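This report concerns only the one structure given below.
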Amino acid sequence: MKRFFLLIALLSLPWSAKSADRPVVSLLTCESGGELYSTFGHSALRVCYPATGQDLVFNFGLFDFGTPNFYWKFMRGKLQYMLGIQYMEDFMAQYRYEGRHVKEQVLSLDSSQTSAIVERLQFLHLPANRYYYYSFLYKNCTSELRDLIFPLVQAEVERFKGISAGVTDRDLINDYITGWTKFGISLILGSGLDKEISVYQSMFLPQNLFRGIRSMDNGGKPMVEKEHVLHDSATESKKSSFAAVVVSPLFVLSLLLAGVLAGFFAKRFGKAFSNGYLVVISLLGVVLGGIILITEHRELYMNYNLLWCNPLFGLVAIASFKGWKKTERMLSALSLVLLSILQLIWALDVQYAHPGFVVIVLTLALIFLSRIFARPAPKEPAQKQMSSGSR
């Protein structure tokens, strides 16, 4: 029944937007949630008709977990998000249930701007237009609203594009993530995120769009008519516990480094341990390289982490296992060259170096140096053969 009345509401939008019952358009900004996909918050657009009581939310952040091959499509950049429409009461019920802070900015729009937004939303909600391929930086629930609101005042688009944010996409993302999540995201995202961006681009995040709209000028008056909180949720301060430190990437990777160092004094154990380390890193490189090859997420391109997360390192372990000493030294020397190039990339800030990556590279460098300068095993003295003469 709700869907039926929602359809009736949608059919009435064309004439409602032009009648005396002009809608009030608001930007809704929601704080971070507990799930990974909600870590960065959410944005939606509210269109409310005070006279008729229609109160709708246009939400670009909807997707279907039941989509066949969901994770495979997401990894390839082929997962379709969609523009959906919800009743305001249903939208708020979800965020109250999740205990997430929601604030509203009522936009100060004239009649032509209001009609332009409503008509554009109607067009985008047509079955042929409502689906889009998600991109975390360039096409998401927040950037879609930015690209809907800002063109109402084209001069503001140019102004915000001309102002440097003084940060990179990576800086903004790192403010929201910690632990192994930060390690994994830092690993998979390429160097394109390490360039300074404009304020306009920074508004791919909900909080940044919230601040951008607040400072936007609309024909000599503020774009935001008023702001208020729809649902207040006290954010708990995140305290680092002992358990969190123990399982942190830096601590775990440092333990592995200590294991490699200890292995230098226990030859048999040490060789097997360091070879296992090389195999794990090389397999990780195979996975990372495969994802980059098949994906259309341009955020993953130009990823110099492949210099340390490299399938080549597995060949060093194979050569060691086979006893091919010259091949092992040659491959170890080549691997050190790759790690040296990476140091230059990090020094020039071409790509972000997670502290865990630094520990891994140090561990790898020690392994390769030990293989290059390893002393050959002492040869056992040849036993003298005893011969008996015949009489």
Any DSSP H helix in the chain with Cα axial reach of 18 Å or more and mean Kyte-Doolittle score of at least 0.0? Listed by number, the hits are 2-16, 111-124, 249-263, 267-294, 325-347, 355-372
Here, region 242-372 modelled as identical Cα point scatterers in vacuum has Debye log10 I(q)/I(0) at q = 0.12 Å⁻¹ of -0.49
So, for the Cα atoms of region 337-379, Rg and Dmax in Å stand at 13.9, 48
Mean projected area, convex hull of alpha-carbon positions in the chain, reported to one decimal in nm², is 27.9 nm²
Set Lys139/Lys221; Lys73/Lys161; Lys73/Lys103; Lys271/Lys325; Lys182/Lys271; Lys73/Lys182, cut-off 24 Å on Cα-Cα distance; pairs above it are Lys139/Lys221; Lys73/Lys161; Lys73/Lys103; Lys182/Lys271
Given unit charges at Cβ for Lys, Arg (+) and Asp, Glu (-), the dipole magnitude of the chain about its Cα centre in debye, nearest 20, is 2440 debye
About its Cα centre, region 242-372 carries a charge dipole, from +1 on Lys and Arg Cβ atoms and -1 on Asp and Glu Cβ atoms, whose size in debye to the nearest 20 is 760 debye
Expressed in nanometres to one decimal, the distance between label points 7 Å along Cα→Cβ at Gln94 and Tyr176 is 1.6 nm
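All of the numbers you see were taken from the coordinates with simple rules; none came from a lab. Quantities reported herein were computed from a predicted structural model and do not represent experimental measurements. Ideal geometry is used to build each Cβ from the backbone, glycine not excepted, and the neighbour counts take in all protein chains shown.
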